[in-house]
Each structure stands twice: as C-alpha cells, then as structure tokens.
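Quick note: the coordinates plus some simple rules give every number you see, no bench work behind them. None of these values were measured; they are calculated from a predicted model. Cβ sites come from the backbone with ideal geometry, for glycine too, and all protein chains shown count toward neighbours.
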Amino acid sequence: MASARYWLMKSEPESYSIDDLKRDGKTHWDGVRNYQARNFMRDDMQVGDLVLFYHSNAEPPGVAGIAQVSKKAYPDFSAFDPKDKHYDPKSSKANPTWMMVDLEFVEKFLRLVSLQELRDHPKLGTLLVLKRAQRLSIQPVEKAHFEIIRKMGKKG
DNA sequence: GCCAACGTTGGC
DNA sequence: GCCAACGTTGGC
C-alpha cells in the first residue's frame, strides 16, 4: 500500500466551514467541477489521507483545521440533479463525469493559520496555495509542509 | 466591489 | 486546432 498523501481543500466558510464539518462529523465533497481537482480525488486520494481544510473567500483566508479522507472517490450525485446548483447534464449515472470523496472531521485548529502567515513562513515557499491566482480547489501538499502548518495551528 | 488569472466554450 | 469571449475564483 502506498503511503498516505496530504492535501489542501478549499471551502468557502459561508457555504461549509470547519465548524460545519465538526458538527456533522463527516461530509461528502460534492460540487467539484474542475477536471484537475477531480483527477486528484479519483486517482490519488486514499482513505486515511489527511487534508488541510482551507477557508477561501474568508476574512482572513487560511487553514482552519484538518480532515481525513474516509471514503474513496465515487460518483458525485449532485451532478445528476437538475435542481442542484452544480447540475451537469453531460454527466450520466452510466458514465459519470464528476466524482467526490467523503471527508471526516479530525481537528479544528486552536486558531486560523492565515494565508499571510503561510506566506511569511520561510519554509513554505513552494506551497501551491501561495502561488498567485492559484484557483485549484484541491491541491497536493508535501508532508513536511503539512506538519509545519499543523504545528502552527496548535500554537496560540 | 474590483479585477487578474485561469479554465471552458464555441465559432471558424 | 486556434483563440477570443465568457464565466468563475478568490485575494484584496
């Protein structure tokens, strides 16, 4: 079995925050409509992979906590529902275009680790989320970077 | 609210 | 297959 991977996944806290995940315990990550992000979920995510839960479009934006992949990729049923915001008529049940994974809550950081703090950290230079206009909603993260950010979130 | 950057669409 | 137009993301 390949070793666990680490990820960063963005969510707008107004639609789904780390507190929502804490309340729910787990959730399905529906609504991803970007091929690169889908491929990460479909091809690379394994049960047990750890995820930095990132609040985007927030004040301030940053990493709010940690989640864990609890179910491998399966068809995103929100694409089949004409009433759903993320409905995609090109995706059929017989041949689904879009996939999702399930995430379960692991921990909420003692404090939000802001995007600015990530930028200021000397060892996080290649972290993808720091790149200008990096819009990808699911990004791979190096283990060393994951550990640094987790530690930042555990300090007051 | 602005707008740069980027992915997708569709005309040719 | 090119590329302009368009829609979306997301920091500021």
Check: Here are some pairs, A:K10/A:K83; A:K85/A:K151; A:K93/A:K151; which of them have Cα atoms lying more than 32 Å apart in this structure?
Finding: A:K85/A:K151; A:K93/A:K151
Note to self: Using the Cα centre of segment A:10-94 as the reference point, and only Cβ charges (+1 on K/R, -1 on D/E), how large is the resulting charge dipole? Debye, rounded to the nearest 20.
What the structure shows: 320 debye
Next item on the list: Determine the dipole magnitude for chain A: charges of +1 sit on the beta-carbon of Lys and Arg, -1 on that of Asp and Glu, nothing else is charged, the reference point is the Cα centre, and the result goes in debye to the nearest 20.
Entry: 360 debye
Checklist line | Around A:P61: net Lys/Arg minus Asp/Glu count, Cβ-Cβ under 13 Å | finding: -1
Check: Between A:E12 and A:K72, what FRET efficiency follows from the Cβ-Cβ distance if R0 is 25 Å, with the result rounded to 0.05?
Finding: 0.50
Notebook entry, point to check: For the pair A:F80 and A:Q134, what calculated FRET efficiency results from E = 1/(1 + (r/R0)^6), where r is the Cβ-Cβ distance and R0 = 30 Å, to the nearest 0.05?
Noted result: 0.50
Margin query: Restricting to Cα atoms and excluding each atom paired with itself, what does the Kirkwood estimate give for chain A in Å?
Written below: 16.0 Å
Next item on the list: For an R0 of 35 angstrom, estimate the FRET efficiency from the Cβ-Cβ distance between A:E59 and A:K93 and round to the nearest 0.05.
Entry: 0.35
Item checked: Candidate aspartates and glutamates for bridging to A:K143, where Cα separation is under 20 Å - those fewer than 8 sequence places away on the same chain excluded -> A:D43, A:D44, A:D49, A:E104, A:E107, A:E117, A:D120
Check: If the cut-off is 12 Å between C-alpha atoms, which aspartates and glutamates fall inside it for A:K108, apart from same-chain ones fewer than 8 positions away?
Finding: A:D19, A:D20
Next item on the list: Give me the percent of Cα-Cα pairs in segment A:110-156 that sit more than 18 Å apart, rounded to a whole number.
Entry: 25 percent
